[in-house]
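Data first, discussion second: the structure below is written as structure tokens.
Rule-based calculations on the coordinates, nothing more; no lab input. Worth saying up front: this structure is predicted, and the values here are computed from it rather than measured. Note that each Cβ is placed from the backbone with ideal geometry, even for glycine, and that neighbours are counted across all protein chains shown.
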Amino acid sequence: MRRFVIGSARNLIESSRQKYQFERSILSSPYRFLSSSPAADSPSSSSSSSSTMAHPVSLNTINPKVIECEYAVRGEIVTLAQKLQEEIQTKPDAHPFEEILYCNIGNPQSLGQQPITFFREVLALCDHPAILDKSETQGLFSADSIERAWQILDQIPGRATGAYSHSQGIKGLRDTIAAGIEARDGFPADPNDIFLTDGASPAVHMMMQLLIRSEKDGILCPIPQYPLYSASIALHGGTLVPYYLDEATGWGLEVSELKKQLETSRSKGITVRALVVINPGNPTGQVLAEENQKAIVEFCKQEGLVLLADEVYQENVYVPEKKFHSFKKVSRSMGYGEKDIALVSFQSVSKGYYGECGKRGGYMEVTGFGADVREQIYKVASVNLCSNISGQILASLVMSPPKVGDESYESYSAERDGILSSLARRAKTLEDAFSKLEGVTCNKAEGAMYLFPRIDLPEKAIKAAEAAKKAPDAYYCQRLLAATGIVFVPGSGFGQVSSWHLAF
Amino acid sequence: MGLKALDYETMNENVKKVQYAVRGELYLRASELQKEGKKIIFTNVGNPQALGQKPLTFPRQVVALCQAPFLLDDPNVGLIFPADAIARAKHYLSLTSGGLGAYSDSRGIPGVRKEVAEFIERRDGYPSDPELIFLTDGASKGVMQILNCIIRGQGDGVLVPVPQYPLYSATISLFGGSLVPYYLEETANWGLDVNNLRESVAQARFKGITVRAMVIINPGNPTGQCLSEANLREILNFCYQENLVLLGDEVYQQNIYQDERPFISSRKVLMDMGPPISKDVQLVSFHTVSKGYWGECGQRGGYFEMTNIPPKTVDEIYKIASISLSPNVPAQIFMGLMVNPLKPGDVSYDQFVRESKGILESLRRRARIMTDGFNSCKNVVCNFTEGKSLLSTGHSKAFVFCDFFSALLLGYHTGAMYSFPQLRLPPKAIEAAKQAGKVPDVFYCLKLLEATGISTVPGSGFGQKEGVFHLRTTILPAEEDMPEIMSSFKKFNDEFMAQYEDNWNRSRM
């Protein structure tokens, strides 16, 4: 601020000297209305002014990075689907299906999944604490939800859930989350390392903003990837450095592939800054083996890369032979601490068994950076003041759900297990169904909420797609939508272009 | 220690340039002191519920029911929730695509956007298109999205008032653009002079900057002034002539404490002016649930409305919004409730009106208490106008110059929730600040904090003319705490001034 005040003062001082030059410049500038009075506006002058000048905000004058970035999950296919949905509403017979089935996005509660009762009880009480004093409330809410609501409210200054909180989130809630992380991993977590955000996505954007200085800065991203990463990198003007997951080995991640891509990009003059790992994977669903994770941590340490660990699907693991291990746990178990590895871990309330997408709750745990970097992260977070309080509360509930012995434990665990086992069954059912289709092969979904079947498109189909000026898998998805009302995302939207896939 | 990918030196330079004083040095120091056990009164941010303002009951009832829809099936729900809250909860749930837990449309729930459009039409008398209204996680997110669209690089300038709410300077820094300041005139009630605008633009252009947009904050932050209709017309003409998109930050439109100058939206004036202005001038208007008498800062609910933005550009803005999937759904419901309030006859109507009026009148009173309290402080110049509407008795409408640090806040206080008094720091104080390596108003505010626990934001955080100092405080502390706060402030101020005053000639100007 001081710099800008001094700068403007300098301008003021210089202005009298410049006045002569300034007035001359007006006469020759295209902005001939500079000195006119408001009453001079006329239709004729308006048409000439708009023909010589572009609108300040139009396609050819807006930030080109905005134009460049793409986000297929809510891209063209969804716009088309929404249009069809409107058509069905006005003319039910317009299409050979009755409804649109949105399978493009991990939005479980829009497809009938119920929220966890205990979580919603606590949130409702925190939204309207006035009823906590009423005896009738006891009859409507479980005793432990009332207790938890009181506990949370006591951690909020003035019990004011409508007030901006600390920019990293309410301290007491961060304490709870840190304790939850420690219980999960067996290694301590510091509440001051936690930044609560409106979903995990804003946290990802924040890190990209910090890391990317120019197009010479590269971020290693898995292909296929959840397109938040490609979109965010494009928006911040960086370069996406792809590393290819191996479909033949269940979408495995090889460190040799990481090394190869790193070397290639360095030879092109790119400074690779970070490695994004999505575990469990999106859209692939693979759960990394611990050995694999150790190799990845070692790689990041050796090469001086920030490890960005997207772990939002940590509660979605469907196969008994695999288990989720956080990268934090893995690095600490290798004896690596703050000084050894820079690691940012992302978690969200949108996935798991809770599926609370609309709440926009999440956090990043930031470890291995110096205090000066931390200050900058805090500063950027503070410009938006804080994330929504209800989402913060929910994040703390997700990281410390009811325990054995709590009144709500049984109903909570029944709901949780019901949802998870249903997801596992659906994954298996769909995987089997896809594998039986002609020209389709489907890897097992070990985790997350998606399947990423491969479709072998005949030559003629590919030609038809070309004629329609669409990627072959996008063409397939459009035809599928028009015939059935089912919305899938073409695999090319996730970066997968060496073969064609669908994501849903 | 091995190679480090992210350290201070290798970080995005734009991030380093960002400053946001509202939660900057003073706030951090205040938080430290609070941890050490000192009682702190935070007046650094417009955060009413943190200072005791109670949330309105009805919206909280509705959202609680939406959070826990199983309550709606319980026969006893009527014992603690009124019928209209129950009905409204059902209404909003029916508008969602699966309750509060599902991502909504990336632009926000269509039904809520329709309610916003209807509100705008009622307010302004012109229809508004819900397709051009995007709900956001607070107005700040919307501002950032729009500026990100506009700013291509350093060559793009955005006109920003001085003083301003530092979201604008921070965001422009973050996106690598150029801030083009235009000075508000303190001696004219922080009014806007079009000649200042022209000069700012000309100077920017001379430096090779393409001025793209103009920000107005109406009612003003930190200054509290409401723009007159004439002023708004001048601004719109100016934007038309100079081909600028107007960004109208109108988040304080409910915080008006006098009747002479009501809030008039930029859009209304734009439409009133007819073609070519109404067809050609591009406008984005911002609103929020955080201010007004709702004060629901923690919900993070806001919207922006676009006027005369071409369809393909709207699509691009939609695309960016879609990357974040959707704004948080509970706040969307708060927004719906705010723009579609209760009506006479509704069960909860009387309580709602009572609570709302109570808050607004209390804000008015607190502005006055602060004034009377500051009245007895030394060494501060105040200007105030429109005294008749705001002071208790006897003052005429004429300009009154005084060397009391008085209701300037009040005088300027035609709206918003802040006071921005001018501090006439003696030369010795400025020297002491320099010795301490601090900007003079930061120096004053830090000393104020250490002595009294009152946490303010120094005027340099908002921008001011060189050599002129201010601080910003809110009028939000609880009424019953005000007298003590004011006497504490006076004690500090008078001692500070006495300490640094040295035969200083007290002149009127």
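Odds and ends about this structure:
- Cross-link reach list, lysines versus B:K90, counting only Cα pairs under 21 Å and skipping chain neighbours closer than eight places: A:K359, B:K114, B:K343
- Straight-line reach from A:K171: taking Cα to Cα under 12 Å and skipping same-chain neighbours fewer than 8 places apart, the aspartates and glutamates in range are A:D154, A:D190, A:D193.
- Taking packing as the residue-averaged number of other Cβ atoms within 10 angstrom, the listed peptides A:314-321, A:206-213, A:381-388 run from highest to lowest as A:381-388, A:206-213, A:314-321.
- The simple Förster model, with R0 at 35 Å and r as the Cβ-Cβ distance, assigns B:R354 and B:K35 a FRET efficiency of 0.35.
- Cβ-based net charge around A:D198, under 12 Å, with every Lys or Arg adding one and every Asp or Glu removing one: +3
- When only Cα pairs below 8 angstrom with a gap of at least 6 residues are kept, the stretch A:162-399 shows a relative contact order of 27 percent.
- Annotation: peptides A:252-262, B:267-277, ranked by per-residue average of other Cβ atoms within 10 Å with the highest first, follow the order B:267-277, A:252-262.
- Counted by neighbouring Cβ atoms within 10 Å, the residues A:D473, B:D156, B:D84 run from fewest to most as B:D84, B:D156, A:D473.
- Rh by Kirkwood over Cα pairs, then Stokes-Einstein D for the stretch A:408-491 at 1.306 mPa s and 10 °C, µm²/s: 106
- Peptide B:53-62 has a mean of 4 when you count, residue by residue, the C-beta atoms of other protein chains within 10 Å of its C-beta.
- Values of log10 I(q)/I(0), in the order q = 0.13, 0.17, 0.24 Å⁻¹, for the stretch A:210-252 under a Debye, Cα-only, solvent-free model: -0.30, -0.47, -0.76
- Length released on extending from A:Y409 to A:E215, taking residue separation times 0.36 nm less the Cα-Cα span: 64.8 nm
- Each Lys or Arg adds one and each Asp or Glu subtracts one; over the other residues with Cβ under 13 Å from the Cβ of B:L95, this totals +2.
- Cross-linked pairs A:K260/A:K339; B:K16/B:K207; A:K323/A:K403; A:K470/B:K141: Cα-Cα separations exceed 28 Å for A:K470/B:K141.
- As a calculated quantity, the FRET efficiency between B:K16 and A:D432 at R0 = 51 Å, using C-beta atoms, amounts to about 0.40.
- Mean-position separation - Cα centroids, the stretch A:90-129 and the stretch A:191-229, in angstrom: 28
- Here B:K490 is the anchor, and the lysines within straight C-alpha reach of less than 23 Å, apart from those fewer than 8 places off in the same chain, are B:K38, B:K39, B:K378, B:K428, B:K438, B:K447.
- Subtracting the Cα-Cα distance of A:Q151 and A:S135 from their residue separation scaled by 0.36 nm leaves 3.9 nm.
- Dipole magnitude for chain A: computed about the Cα centre from +1 point charges on Lys and Arg Cβ and -1 point charges on Asp and Glu Cβ, it is near 1840 debye.
- Residues B:A230 and B:D494, FRET efficiency given R0 of 51 Å [Cβ-Cβ distance, rounded to 0.05]: 0.80
- Chain B: relative contact order as a whole-number percent, Cα under 8 Å and 6+ apart: 20
- Modelled spin-label separation between A:Q82 and A:S333, with each label point placed 7 Å from Cα along the Cα-to-Cβ direction: 4.4 nm.
- Calculated mean residue ellipticity at 222 nm for chain A: -14500 deg cm²/dmol, from DSSP H runs with n ≥ 4 weighted as -39500 (n - 2.57), summed, divided by the residue count and rounded to 500.
- Dipole in debye (nearest 20) - the stretch A:266-319, about Cα centre, beta carbon charges: Lys, Arg +1; Asp, Glu -1: 400
- Placing pseudo-labels 7 Å out from each Cα toward the beta carbon at A:R266 and B:E466 gives an inter-label distance of 4.9 nm.
- Percentage relative contact order, chain A, counting C-alpha pairs under 8 Å, at least six apart: 19
- The modelled label-to-label distance between B:R365 and B:E118, using points 7 Å beyond Cα along the C-beta direction, is 3.5 nm.
- Inter-chain Cβ neighbour count for B:14-24, averaged per residue, equals 6 (cutoff 10 Å, partner chain atoms only).
- Other residues whose C-beta falls under 15 angstrom from the C-beta of A:P472 contribute a net charge of +1, scoring Lys and Arg +1 and Asp and Glu -1.
- Sorting A:133-141, A:119-127 by average packing, meaning the other beta carbons within 10 Å per residue, from highest down gives A:119-127, A:133-141.
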